[in-house]
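All of the numbers you see were taken from the coordinates with simple rules; none came from a lab. Note that the structure is a prediction, hence the values are computed from the model and not measured. Here the Cβ positions follow ideal geometry from the backbone for every residue, glycine too, while neighbour counts run over all protein chains shown.
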Amino acid sequence: MKSRAVVLLVAVYAVACATSTPPPKPVAAVLPVSKPKTPSAAKLQAEDYQRALENAYNQIVAREGKPVAEPKVDIEAAASIPIPDHPTIRGALQYFTTDLKPSIQDSLTRSGKYKNLIEKALDDYKLPRGLAYLPVIESAYIPTVTSRAGAYGIWQFMPETARDYGLRVDWWVDERADPERSTRAAAAYLRDLYHQFNDWPLALAAYNAGPGRIRRAMQSTSAATFWELLDNEAIPKETRGYVPTFFATLTIASDPATYGFRLGQPLDSDLKPVVVEGPLSLRYLASVGKVDETLLRELNPSFRQGIVPPGKATVRVPSKAAAAVAARAATLKNEDANIAVCSYTLREGESLKRLARALGTNVDTLVAMNNLHSATAIGEGDSIYLPVRARELGALLSHSDAYYAVKKGDTLYSIAKSHSLTVDELLDLNQLDSDHMLHPGERVRVTAPRTVTAGGM
């Protein structure tokens, strides 16, 4: 993955690369005792000390006989990947336990939501469970995080790598945001990287910077380890910090209480997958299943437009709603009157450019919606999807006042003037050049189209 880290951790990488400060030691609770300056001060300190002891005794007695939960640790994860002893790791650990402590704690808490599905994927691919904590420094376990470079999702896949590992990334769907599918893709990618480098620090560096860059750096410096690459500054600064911050995270997971953290409680969500026919808006699906629309969108973050794409697709719904949705799965798309998408078959003389003008959208949107290579890839008789409600399409395409049929002797100026337009406005409405030659029978738009947006709104 090239040049994509969560903004929050950019500073961490810099600190990890620059410091060798040892990690903070566990700090035991101490009572406020200082060297007295006067006898009266000493007496007050003694009284405070006594009260603190009595309070501690009372707290202990109050808890007598009650079960005490042991702090949750993840020794298995830490043992799965050896943690090196390196100054950059100690520096990252110090930063995590001070300046970034609230953010790291939030990330660790959030990790519980995905821990079971991540560990299952890691087990299936025979990978160390310690990798379950990699999203702490990738995305903080937020499925919709996007980096400046375009990496996206919990595992921060770039589009090309995501497609290489079987994830769908297009106008309708971005499976980089699907926690389950993206996790399995990330596991496959990490397995391949480890097979290439046979070393986890190098494999992790390759996950961040790309395997080609790491191989070139090793060849140019004759380095055999990540730490040699780091010392030679042969790889990007971000990558030099990325690997140590992962090991700092793993150190915390192995003994969170010592460093003042808590691990998130693994959760088993009560969800069921249901196969439905699209296009279908998540809004309508939520109403059918009597589910909050916001919740349904959170459960299905890969549907970019709030729409289940054309064809069969799997949606995750709360178990209590599964039966109601499944019973109508094949017919829901025909009932969803409000979905702002419909199918259309091109007629003679029609083009995507003309349709885009009529609908008030742009050609690029139509090309992306229909997974076309270009606007000229289709023609008469081809069926496409348009970003408009079916009940509105006819009016938009055949509005009697929207177009004017050019007659012999008409000029751009005369047409513009008769419709209260300037020549520039007429040219802009029709995306014509100023030297365009009109011909009788040509239809030109003379009223601005209504702007439409695609989506399940």
Expected sort for 229-241, 332-344, 410-422 on mean C-beta neighbours within 10 Å, highest first, is 229-241, 332-344, 410-422
For region 342-445, what is the largest minus smallest coordinate of the Cα atoms on each principal axis, given in angstrom and ordered from greatest to least? 40, 28, 22
When the Debye formula is applied to the Cα atoms of region 125-231, each taken as the same point scatterer, what base-10 log of I(q)/I(0) results at q = 0.23 Å⁻¹? -1.27
Per-bin percent of Cα-Cα distances, region 271-331 [5 Å]: 4, 21, 38, 28, 8, 0
Potential lengthening between Leu372 and Asp433 on full extension [0.36 nm per residue; Cα-Cα distance subtracted]: 19.4 nm
I need the GluC sites (Glu not before Pro) found in region 389-444, filtered to DSSP loop residues with at most 15 other beta carbons within 10 Å of theirs. Glu442
Need one number: convex hull volume per residue for region 66-172, Cα atoms only, in Å³. 174 Å³
